[in-house]
Ligand code: ISE
């Protein structure tokens, strides 16, 4: 591998544009070589101030460009499968934003293609694993500093949703992060998912039932619950409280200065995921680049993408029937042990 990753960023929307800035300004060992978007104007706007990058409208053209030796996929999830298979065919490092693909069957196809390749090329963009507080809670759990972990309580609140955000996306696009976080914290697979729909806000667009209460169980019986509330208006919040045999740990929520001025006290509510997880994204992408330059991956794998897709599938079924739905997983290939 060369000394530098020459990355094609596929998708110049909110996340893609954020990654382009990150790669060109803060990440060492990588440059943006190409930006692809079906809206060529958006790709052109995204490469402004990014020297050496070309704007294209077709992902395959970028993958065939001799100047490209890595790919970052930031298109909507339903477009991932095709690009992933083509990029695996090129045997180049891949950072794929979550979800790996929107359902377990297509995610399994990706796992099979990577297993056939014989080595790991795909890192999935579950950035929370790189958040400093997530890392602290993870190490308290692994080192059993407070005895056994018994329960996890998650709050996941967004100020609002973009157009086209469906009821299923509360699970597939939002709770997918908690599925990964719970697997990361416990080191276990998730065995079942249940969704309860209670009183709903009048602020949700038609078709969305918001908020929802998601109940999750892991292999050893750790119980986790998620309040997913995507039209919470007040701002952005991702927080977790963990109950142990010998203590309670809380992470997340707002941070920053506590200010008293002009008859008011307090601080600022976090606006969105870019603010909440900006530092985690930087660490995540640097970890991907450093590992990719050694021919490795530096974070969650295609198996993690597949396992969370299986959880999402159970979650969407549970949204519809209100039952506790078992998560079905194929046997884990040796590549991911
Ligand atoms: C969005 O796609 C994200 O990944 C955010 O982290 C999450 O909070 C939000 O719910 C998703 O829609």
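Relative contact order for the chain using alpha-carbon pairs under 8 Å, separation at least 6, rounded to a whole percent?
20 percent
Working from the pairwise distances between different alpha carbons, so that the mean of 1/r is found and then inverted, what is region 43-200's Kirkwood radius in Å? Walk me through the numbers on the way to the answer.
Working: mean 1/r = 0.0543 Å⁻¹.
It is 18.4 Å.
Ratio of the chain's C-alpha Rg to 2.2 N^0.38 Å, to two decimals?
1.00
Please report, largest first and rounded to whole Å, the three semi-axes of the ellipsoid equivalent to region 1-79, where each semi-axis is the square root of five times an eigenvalue of the C-alpha gyration tensor. Mind dumping the intermediate values first?
Values: eigenvalues 59, 38, 27 Å².
Over the Cα atoms of region 1-79, the ellipsoid semi-axes are 17, 14, 12 Å.
Using just the Cα positions, wrap region 257-337 in a convex hull and report its mean projected area in square nanometres, one decimal place. Mind dumping the intermediate values first?
Details: hull surface 39.9 nm².
Approximately 10.0 nm², given one-decimal rounding.
Could you work out how far the C-alpha centroid of region 291-325 sits from that of region 25-39, in angstrom?
Cα centroid to Cα centroid, the span is 26 Å.
Just the number, please: percent antiparallel of the DSSP beta bridges in the chain, rounded to the nearest 5.
On the way: 31 of 59 bridges.
Percentage antiparallel, nearest 5: 55.
How do the peptides 308-321, 203-216 rank, highest first, by the average count of neighbouring beta carbon atoms within 10 Å per residue?
308-321, 203-216
Could you give the semi-axes, largest first, of the ellipsoid that matches region 252-303, computed as the square roots of 5 times the alpha carbon gyration tensor eigenvalues and rounded to whole Å? Intermediate values should be presented prior to the final figure.
Values: eigenvalues 277, 21, 9 Å².
After scaling each eigenvalue by five and taking roots: 37, 10, 7 Å.
Can you give me the relative contact order of region 1-70 as a percent, contacts being Cα pairs under 8 Å and 6 or more apart?
It comes to 36 percent, rounded to a whole number.
In which sequence would 115, 193 go, from the one with the fewest C-beta neighbours within 10 Å to the one with the most? It would help to have the intermediate numbers written out before the result.
On the way: 115 16, 193 29.
In increasing order of surrounding Cβ atoms, one gets 115, 193.
If you take the beta carbon distance between residue 91 and residue 337 as r and set R0 to 22 Å, what does 1/(1 + (r/R0)^6) give as a FRET efficiency, to the nearest 0.05?
Numbers: r = 22 Å, r/R0 = 0.98.
Here the calculated transfer efficiency is 0.55.
To the nearest Å, what is the center-to-center distance of region 245-262 and region 139-181, using C-alpha atoms only?
Distance between centres, Cα-based: 18 Å.
Grab the Cα-Cα distance for residue 26 and residue 82, subtract it from 0.36 nm times how many residues apart they are, and report the gain in nm with one decimal.
Result: 17.2 nm gained on full extension.
Which three semi-axes in whole Å describe the equivalent ellipsoid of region 188-238, each the square root of 5 times a Cα gyration tensor eigenvalue, listed largest first? Don't skip to the answer; put the middle values down first.
Numbers: eigenvalues 133, 31, 11 Å².
Each semi-axis is the square root of five times an eigenvalue, giving 26, 12, 7 Å.
When a/c reaches 1.5 or more, the comparison of a/b and b/c decides; with that in mind, is region 54-121 rounded, prolate or oblate per its Cα gyration tensor?
Values: a/c = 2.22, a/b = 1.31, b/c = 1.70.
Oblate.
Give me the Debye-computed log₁₀ of I(q)/I(0) at q = 0.18, 0.23, 0.24, 0.25 Å⁻¹ for region 116-190, equal point scatterers on Cα only, no solvent, two decimals.
Listed by q, the Debye log ratios stand at -0.88, -1.15, -1.19, -1.24.
To the nearest µm²/s, what D does Stokes-Einstein give for region 191-314 at 10 °C and 1.306 mPa s, using the Kirkwood radius over alpha carbon pairs as Rh?
87 µm²/s
Would you mind calculating the relative contact order of region 1-123 from Cα pairs under 8 angstrom and at least 6 residues apart, reporting the percent as a whole number? Walk me through the intermediate numbers first.
Details: 220 pairs, mean separation 28.3, N = 123.
Reported relative contact order: 23 percent.
For each of 223, 146, count neighbouring Cβ atoms within 10 Å of the residue's Cβ, then give the residues from fewest to most.
With the sparsest Cβ surroundings first, the list reads 223, 146.
Which of the three applies to region 142-240, rounded, prolate or oblate, going by the alpha-carbon gyration tensor with a ≥ b ≥ c and a/c under 1.5 meaning rounded? Walk me through the numbers on the way to the answer.
Details: a/c = 2.43, a/b = 2.04, b/c = 1.19.
Prolate, because a/c is 1.5 or more and a/b exceeds b/c.
So between residue 202 and residue 329, what do we pick up on full extension, going 0.36 nm a residue minus the alpha carbon distance?
Length difference between fully extended and current span is 42.0 nm.
Any idea how far the Cα center of region 187-242 sits from the one of region 48-104, in Å?
31 Å
Could I have the simple spin-label model distance between residue 245 and residue 271, label points 7 Å from Cα toward Cβ, reported in nm to one decimal?
4.6 nm
Based on other C-beta atoms within 10 Å, arrange 265, 303, 108 from fewest to most.
Placing the least packed residue first, the sequence is 265, 108, 303.
Test of understanding: extend the Cα→C-beta vector of residue 255 to 7 Å, then name every residue of region 100-139 with backbone N under 16 Å from that spot.
127-139
Since every read-out is calculated from the coordinates, none of them should be taken as a lab result. Keep in mind that what you see is a predicted model, and the values were worked out from it rather than measured. Glycine gets a Cβ as well: all are built from the backbone with ideal geometry, and neighbour counts include every protein chain shown.
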